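Asker: Got a structure for you, written out below as C-alpha cells; questions coming shortly.
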Amino acid sequence: MKKILMLNTLPLINFEDTGDDSKTAGNQTLYNTLKGYSDHGIQVTMLTFADVPKVNEAFPGVIVRRSSFFLLYAIMSKMKKLISDLIKNRERQTRQRPKTEIDRRGASLFALFWRRWAYREGLRLARELEPDLIYGYEIYSTIPAKRLADQLGLPLVTRFQGTELGLLLDSEQFYQATDYLKGTAVDADLIIMANDGTDGDKVLQKLGLDENKVRFWPNGLHNKEKYLHYKKNPDYKKQLKLPEESFVICTANRFVDWKRIDRIIRVMAELNRFNPDVYLLAIGDGPEKEALEKLAQSLNLDTVIFTGVMEHEDTVHHIANADLFITLNQSGNLGNSILEALALGTVTCTLKNDSVEKVLTDGINAILFDQMDEKRIAQRLAEVIKDEKTLQSLRNNAREYAADHLLSWPERMEMEIKEIRKLMN
C-alpha cells in the first residue's frame, strides 16, 4: 500500500464519524480529498494541530495525528482571542458598517512556529511511516512539507483550496502579503490549485511557478446525481412563512470581509424599490455578522433573513428551493455553492472574471456582471424576476451544463490520484 504524509493546519470540522448521520458542515474539500484517497486504497497520515475526530481514523486508511504543537497553539490562540475580543468590543461600539478594505498580511509568528514544529515532528513521523510522498495542504504547511520532501528525497505535492492572493493581484499589497506569498510560491512536483474564482492560475503565474506542474481544477460536487435530480419543495415559501408570490434570493458564505455580503444587502435595498416581495436568505456566520445586521437595519430592510450557520445538506436544501443564488465576493465567485446551484437548477448571479467565465456564461447559464454596481445589478434582477421564460431557460441550461461538465468528487479525485500515482511510482 502506498503511503502519504500530509501536513495540514485546517480544522476537520465534519469528521465526527463516517456514517450517514455524520456532520456535513465544514470543509467539504478536505473531507472529500481524504475520502478519495481512502477509496483508492492509499494510506494517508495527516499531521495537524487543529480539531481532530473523536476516532483518529477518519476513513479507512486515513489516520489523523494531532501535533504536540496543539498545546502551544491553544495558549497562543487564547491570548490572541482575548486581545481580539477587546478590539472587537470597541469596534462594535463605533463600527456601524462592514469592512470593505481587504488586508492580507498573514500570521507570521504562528507561521514561524508551525514551519519549524511541523518539520521536526514530520521528520520523526516519516521515519516511523516510511511514506512514498509528502503532501503540503495550504499555505502554512507547504514550506515544512518542502523541507521534509527535500530531506527525505521524496516527491512533493502542494494543495490550495483557492487563494486570497487573488484579492491583491493588481494591488501594491500583493508583495506585502508575506506569509501568503511564501506559502504559495513553494516549488513542488505537483501544484494543485482549485479554480474557485480566486484567479489562482494567475497568482501562480505571477509567482513564476512552472505551469507544467500546475493543475488548475474546479472542485467536485458532493453528491452530483442527487443534485441533478433534486426536487423542489412546493411548500418551501410557506414553511419560511413568506408570501407565495415572493421571490427568494439565497446566499451562503462565511461572513468575513472579502466575501462582501454587504454588497448583496445593498443590492437588496435597491431591488426592494422595484419589488418589495423579494427576500434574501443569508446563510452563514462570521466576524462581520453584527455589522451586516446593523447595515440591514440602517437600510430599513425587513426582507433580509439571517439564518446562522447550517449543516451542508440544509444549506443545499435552501439553495435548491430558492429562486436565485447570489454571491458578490471581492474574489472567489466560483465556490462550491455556485457549482451546487448549477446542478440544482437554481439561477445564479455573480461577478465576472476569467476564472468564473471558464464555467459561467452570462445569459446562458448564469447572470453575470462586469463590475460591482448595486443599482445596475438590482435593475437587471428586477427585470429578470418578471421574466419567467428567461428564468426557466437559465435553470435548464445550468443543470445541463452541470450534468455535462461539472465533476463529482469521486471524478475529481480520480484525476488527482492518477497524477499522484505517477509521482509515487
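Asker: Tell me the mean residue ellipticity at 222 nm calculated for the chain from its helices only (DSSP H runs of n ≥ 4, each -39500 (n - 2.57), averaged over every residue, nearest 500).
Answerer: -13500 deg cm²/dmol
Asker: I'd like the orientation of helix 388-405 relative to the chain: the angle between its Cα long axis and the longest Cα principal axis, in ° from 0 to 90, rounded to 10.
Answerer: Taking Cα atoms only, the helix is inclined about 20 degrees.
Asker: Just want to confirm a number: the relative contact order over the stretch 224-405, from Cα pairs under 8 angstrom separated by 6+ residues, in percent.
Answerer: Across the stretch 224-405, relative contact order equals 24 percent.
Asker: Would you please give the FRET efficiency between Arg66 and Thr178, computed as 1/(1 + (r/R0)^6) with r the Cβ-Cβ distance and R0 = 30 Å, to the nearest 0.05?
Answerer: Between Arg66 and Thr178 the formula returns 0.65.
Asker: Would you kindly state how much longer the chain becomes between Lys294 and Phe274 on full extension, computed as 0.36 nm times their sequence separation minus their alpha carbon distance, in nm to one decimal?
Answerer: The span from Lys294 to Phe274 would gain 4.9 nm if fully extended.
Asker: Compute log10 of I(q)/I(0) for the stretch 224-405 with the Debye formula, placing one identical point scatterer on every Cα and leaving out solvent, at q = 0.08, 0.13, 0.15, 0.16 Å⁻¹, to two decimals.
Answerer: -0.21, -0.60, -0.82, -0.96
Asker: Dipole size in debye (nearest 20) for the stretch 224-405 around its Cα centre, Lys and Arg Cβ +1, Asp and Glu Cβ -1?
Answerer: Dipole magnitude for the stretch 224-405 comes out near 120 debye.
Asker: Given R₀ = 41 Å, what would the calculated FRET efficiency be for Glu211 paired with Asp235, taking r from the Cβ atoms and rounding to 0.05?
Answerer: For Glu211 and Asp235, the calculated efficiency is 0.20.
Asker: Which percentage, to the nearest 5, of the DSSP beta bridges contained in the chain is antiparallel?
Answerer: Around 5 percent antiparallel, to the nearest 5.
Asker: Label Lys2 and Lys418 with points 7 Å out from Cα along Cα→Cβ: what is the distance between them in nm?
Answerer: Simple spin-label model gives 1.3 nm for this pair.
Asker: Another question, then. Calculate how steeply helix 69-94 sits against the longest principal axis of the alpha-carbon atoms of the chain, using the helix alpha-carbon long axis, and give the answer as 0 to 90 degrees to the nearest 10.
Answerer: Helix 69-94 and the main axis of the chain meet at about 30 degrees.
Asker: Quick check: the angle from helix 139-152's long axis to the longest principal axis of the chain, C-alpha only, nearest 10 degrees?
Answerer: 20 degrees
Asker: In this model, which of Lys226/Lys386; Lys238/Lys352; Lys78/Lys202; Lys35/Lys231; Lys224/Lys418; Lys3/Lys259 are farther than 31 Å apart at the alpha-carbon?
Answerer: Checking Cα-Cα distances, Lys238/Lys352; Lys78/Lys202; Lys3/Lys259 exceed 31 Å.
Asker: With a sphere of radius 11 Å drawn around the Cβ of Met268, what net charge do the other residues whose Cβ falls strictly inside it have (Lys, Arg +1; Asp, Glu -1)?
Answerer: Cβ neighbours under 11 Å give a net charge of -1.
Asker: Could you list Leu109, Leu334 so that the one with the fewest beta carbons within 10 Å of its beta carbon is first and the one with the most is last?
Answerer: With the sparsest Cβ surroundings first, the list reads Leu109, Leu334.
Asker: Considering only C-alpha atoms, what is the centroid distance from the stretch 157-232 to the stretch 328-383, in Å?
Answerer: First find each Cα centre; the distance between them is then 19 Å.
No value in this document is a laboratory result; all are computed from the given coordinates. Since the model is a prediction, treat every value here as computed from it, not as a measurement. Please note: Cβ atoms are built from the backbone with ideal geometry, for glycine as well, and neighbour counts cover all protein chains shown.
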